[in-house]
Every structure is written in structure tokens, then in C-alpha cells.
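The values are calculated or read from the model by the stated rules, or taken from the named source; none is laboratory data. Given the structure is predicted, the values throughout are model-derived calculations rather than measurements. Every residue, glycine among them, receives a Cβ derived from its backbone with ideal geometry; neighbour counts consider all protein chains shown. Heavy atoms of the whole protein, side chains included, go into the accessibility calculation; ligands, DNA and RNA do not. Shrake-Rupley method; radii C 1.70, N 1.55, O 1.52, S 1.80 Å.
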Amino acid sequence: PDEFLRRIKIEVQRLFEEKKAIWYSSKQVKYYDESNTSLILKDVMDAPFHKQLKYFHQCEFRICLIRDNPLNQPFEMNIGSIKDISIPIDTRDFNSMIELRVDNG
């Protein structure tokens, strides 16, 4: 993950320098219990990093980039090949390697 994020940050820096991006953040998503808590954030920019507890099983890490995009056009971030930091694996093989548990504590 460190090398992947390093490559993301290099591309984000290039986008900043070319004035194609105006804000970037990446974080683990925080899950909140909507039945007990109203989500109140001090900073509206934290909104993409909060999600209802019912989605806890997704265990997300998000990368958010704000850019000037009045027509809401899709964006693909090119960080180059990641073959040197990843391995292909069939979904059925991956699923047999993980165990999902919910921590109710």
C-alpha cells in the first residue's frame, strides 16, 4: 500500500502543478452507528471518509481528488503500471484466503 500511495501522490503533485487539481486526501473510511449517532463533521472535506456502520464489512480506503470539473466528466488517474507491486489472483482463491468478522465491541 505504501508504494501504491506514493505513486498516487506523485501523480497528484503533477496535477496540482498543472492546475488540474485543487485538493487531495486519502484515508481509511470511518464507520458510524447511524442509529445512535448523527454524523456531525467539523470539516466538510471529511465527508467522503465517513460511512454508516452497515457498510463496515467493506473496510474501505478512499482516495479523493477535487478538480475543476463543471461538466462532471469522468476522470482516470494514470499512475502507471502496478505489476511490480501487485499479483493477479482469482476471486475464488482470494475469498478462501480471507475471513470476515464483525467486531461488536
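A few notes on this one:
- From Leu41, Leu5, Leu15, residue being more than 16 Å from the chain's Cα centre (by Cα) and closer than 13 Å to Met77 by Cβ: Leu15
- Hits in the range 25-38 - residues which are farther than 13 Å from Ile79 by Cβ and of a type outside the set (D, E, K, R): Ser25, Gln28, Val29, Tyr31, Tyr32, Ser35, Asn36, Thr37, Ser38
- Scanning the range 38-48 for residues that are open to solvent by less than 100 Å² (accessible area, probe 1.4 Å), at pLDDT 90 or above and in a loop (DSSP other than H, G, I, E, B) yields Leu41, Asp43.
- Of all residues making up the range 6-19, the number that are in contact (Cβ under 8 Å) with a residue 24 or more places away in the chain and of a type outside the set (Lys, Arg): 5
- Cβ-Cβ under 8 Å pairs, at least 6 apart or on other chains, the range 49-65 side open to solvent by 80 Å² or more (accessible area, probe 1.4 Å) and part of a strand (DSSP E or B), far side charged (D, E, K, R) and at pLDDT 90 or above: Phe61/Lys27
- Tally of residues being open to solvent by 90 Å² or more (accessible area, probe 1.4 Å) and outside any strand (DSSP E or B) across the range 21-37: 3
- Selected residue (criterion: farthest from Ala21 (Cα to Cα)) from residues of the range 66-90 that are hydrophobic (A, V, I, L, M, F, W, C) and surrounded by 11 or more Cβ atoms within 10 Å (Cβ to Cβ): Ile85
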